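The values are calculated or read from the model by the stated rules, or taken from the named source; none is laboratory data. Remember, it's a predicted structure, so these values are computed and weren't measured experimentally. All Cβ positions, even for glycine, are placed from backbone atoms using ideal geometry, and neighbour counts span all protein chains on display. When the accessible area is computed, the model is the full protein with side chains, heavy atoms only, and any ligands, DNA or RNA have been set aside. Shrake-Rupley method; radii C 1.70, N 1.55, O 1.52, S 1.80 Å.
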Amino acid sequence: MIRLGVNIDHVATVRQARRAAEPDPVAAAVLATLGGADGITVHLREDRRHIQDRDVFRLRETVTTRLNLEMAAYDEIVAIALKVKPDEATLVPEKRQELTTEGGLDVASNVASVSAAVDALKAAGIHVSLFIDPELAQVEAAHRLKADAIEFQTASYSEAKGAAVARELEKLRTATAQAVAFGLHVHMGHGLNYWNVQPIVRVAGVEELNIGHSIVSRAVLVGMERAVREMKQVMTEHYPNPRKG
Ligand code: PXP
């Protein structure tokens, strides 16, 4: 059974739109857990555009499943992670101007900065995952740095059209087999939704998906608990695709 990590960043996006106290991501995490989430994921960005430091500390006290902190390998954020001690830290690239994380971390070309963060987090007993493109060079670099897991970015798959969809899936299948052969745990995420998730669930070796925007979007309309329950259903059984009729 593949785990579902629910990324609740965009609950905080709504709150920050008014710099208000609600909606509280901590409440969203409780409801996501009731809906069947296997973990809660948040990204503490350097610009604090959605999740705030307070959220991460409160989530650490309240999340009863697994807390996954997405973060850039910046000293300030690493220091916070070492205090919070999430179950897992997922290192991602971060650019101030981007709307969301764009592409995977280029571990192969940034060995020094990434390895310092990996070593510090691992020494504190935190599982480390690296968000990378599904490419052998990145998988090999993640293995060399002794990461526990990798998360393949599925943005290219999610944005692909026509014949490119099958090509992107094949890249994910090949890279997953390579990562598993290196003993890495394989997670995937970015751009996954209720209509494109099923082929991803069928990739042999994948253990966890991290999904945010599509679940929070549905939660605004039907409630967090139901939105998560429906995603878990789609991940486990055939679900009619309304776009195909
Ligand atoms: N995984 C990682 C590493 C991410 O950076 C994000 C976006 O914050 C996600 C998963 C979730 O992506 P989405 O919001 O498109 O489902």
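Of all residues in region 155-188, those being open to solvent by 50 Å² or more (accessible area, probe 1.4 Å) and over 23 Å from N7 (Cα atoms) number 15. Closer than 28 Å to R15 by Cβ and either open to solvent by 30 Å² or more (accessible area, probe 1.4 Å) or of a type outside the set (V, I, T) (or both), is that true of T90? In short, no. Can you confirm whether region 73-82 contains a residue that is among the aromatic types (F, W, Y), touching a Gly at 6+ places or on another chain (Cβ under 7 Å) and more than 26 Å from P23 (Cα to Cα)? Checked region 73-82: no residue is among the aromatic types (F, W, Y), touching a Gly at 6+ places or on another chain (Cβ under 7 Å) and more than 26 Å from P23 (Cα to Cα).
Of the conditions (1) closer than 17 Å to H190 by Cα; (2) open to solvent by 30 Å² or more (accessible area, probe 1.4 Å), N68 fails just one. Which one is it? With (1) closer than 17 Å to H190 by Cα; (2) open to solvent by 30 Å² or more (accessible area, probe 1.4 Å) applied to N68, the lone miss is (2).
Going through region 149-196 one residue at a time, which ones are more than 14 Å from the ligand (Cβ to nearest atom) and within 15 Å of the chain's Cα centre (by Cα)? Once the filter is applied, which keeps residues that are more than 14 Å from the ligand (Cβ to nearest atom) and within 15 Å of the chain's Cα centre (by Cα), region 149-196 yields only H185. Of everything in region 215-226 that is over 17 Å from the mean Cα position of the chain (by Cα) and within 16 Å of the ligand (Cβ to nearest atom), the residue that is most open to solvent (accessible area, probe 1.4 Å) is V220. Evaluate region 50-58: report whether one residue or more is within 16 Å of the ligand (Cβ to nearest atom), of a type in the set (A, V, I, L, M) and either open to solvent by less than 50 Å² (accessible area, probe 1.4 Å) or touching a helix residue (DSSP H, G or I) at 6+ places or on another chain (Cβ under 7 Å) (or both). There is at least one residue in region 50-58 that is within 16 Å of the ligand (Cβ to nearest atom), of a type in the set (A, V, I, L, M) and either open to solvent by less than 50 Å² (accessible area, probe 1.4 Å) or touching a helix residue (DSSP H, G or I) at 6+ places or on another chain (Cβ under 7 Å) (or both). If I filter region 93-131 down to residues being within 18 Å of G212 (Cβ to Cβ) and β-branched (V, I, T), which single residue comes out as least open to solvent (accessible area, probe 1.4 Å)? So, considering only residues that are within 18 Å of G212 (Cβ to Cβ) and β-branched (V, I, T), the one least open to solvent (accessible area, probe 1.4 Å) is T101.
In the set (1) out of contact with any His (no Cβ under 8 Å at 6 or more places or on another chain); (2) free of Cβ contacts under 8 Å to residues at least 40 places away in the same chain, the condition left unmet by S158 is number (1).
Which residues, taken from region 201-214, are within 12 Å of the ligand (Cβ to nearest atom) and either over 30 Å from A12 (Cβ atoms) or buried (at least 22 other Cβ atoms within 10 Å of the Cβ) (or both)? Once the filter is applied, which keeps residues that are within 12 Å of the ligand (Cβ to nearest atom) and either over 30 Å from A12 (Cβ atoms) or buried (at least 22 other Cβ atoms within 10 Å of the Cβ) (or both), region 201-214 yields E208, L209, N210, I211, G212.
Determine, yes or no, whether T33 is open to solvent by 10 Å² or more (accessible area, probe 1.4 Å) and within 13 Å of the ligand (Cβ to nearest atom). So T33 does not fit the description; no.
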